[in-house]
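Structure, as structure tokens:
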Amino acid sequence: MPAVIRKSDDSVSLVERRRDLVHSISWTVRSSAWSPPTDVYETEDAIIVRVEVAGMREEDFEIALEDGFLKISGTRPDVPERRAYHQMEIRFGKFSTAVGLPAPVNVEKSQAEYEDGFLTITLPKTKPNFIQVKE
């Protein structure tokens with residue numbers, strides 16, 4: 001497995017960090033894993049990550065937050081019967097995706113829900129602590 005060296009400079013943008021992470025993951029799992037369509041959007045109170053991956057159960061997902069990145073992985077099972085495909089577009093097996101979070105979040109209050117083929121993760125934003133200065 002090739003070594004991955006990451007910059008520790010805080011000025012590196014989230015886009016660059018995500019690209020480096022996806023690149024490093026692809027070196028190790030490209031041949032056997034796929035990445036499902038993923039949306040990340042922000043509301044006033046939370047960051048929402050929505051992953052489209054049908055045919056799963058809620059307990060089939062692994063979700064971790066590490067260094068400002070939310071990592072989602074799992075395995076979508078395929079039917080073991082033998083088939084002769086004429087067209088094959090639905091992916092099965094191991095999958096993973098990683099998204100950079102644009103703001104600090106409260107992990108303890110985070111929620112994940114799987115419904116109608118979508119895994120939706122709600123990550124409440126942390127409120128900044130303001131220090132009042134007396135004059």
query = With Ala64, Ala84 as the choices, which residue is part of a strand (DSSP E or B) and free of Cβ contacts under 8 Å to residues at least 12 places away in the same chain?
reply = Ala64
key: Selection within segment 92-115 - in contact (Cβ under 8 Å) with a residue 60 or more places away in the chain and loosely packed, with under 15 Cβ neighbours inside 10 Å   = Gly93, Lys94, Pro102, Ala103
task = Scan segment 62-116 for residues that are closer than 22 Å to Thr43 by Cβ and more than 10 Å from the chain's Cα centre (by Cα) and report the count.
result = 16
note = The one condition Glu89 fails out of (1) at pLDDT below 80; (2) exposed (fewer than 15 other Cβ atoms within 10 Å of the Cβ) is (1)
request  = Kindly indicate the residue of segment 29-61 that is more than 11 Å from the chain's Cα centre (by Cα) and among the aromatic types (Phe, Trp, Tyr) and also farthest from Lys127 (Cα to Cα) among those meeting that condition.
outcome  = Trp34
Test set (1) under 23 Å from Glu59 (Cβ atoms); (2) modelled with pLDDT under 90 - Gln132 fails condition number = (1)
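The values are calculated or read from the model by the stated rules, or taken from the named source; none is laboratory data. Predicted model, so just to flag it, every value in this text is computed and none were measured. Using ideal geometry, Cβ is built from the backbone for each residue, glycine included, and neighbour counts are taken over all protein chains shown.
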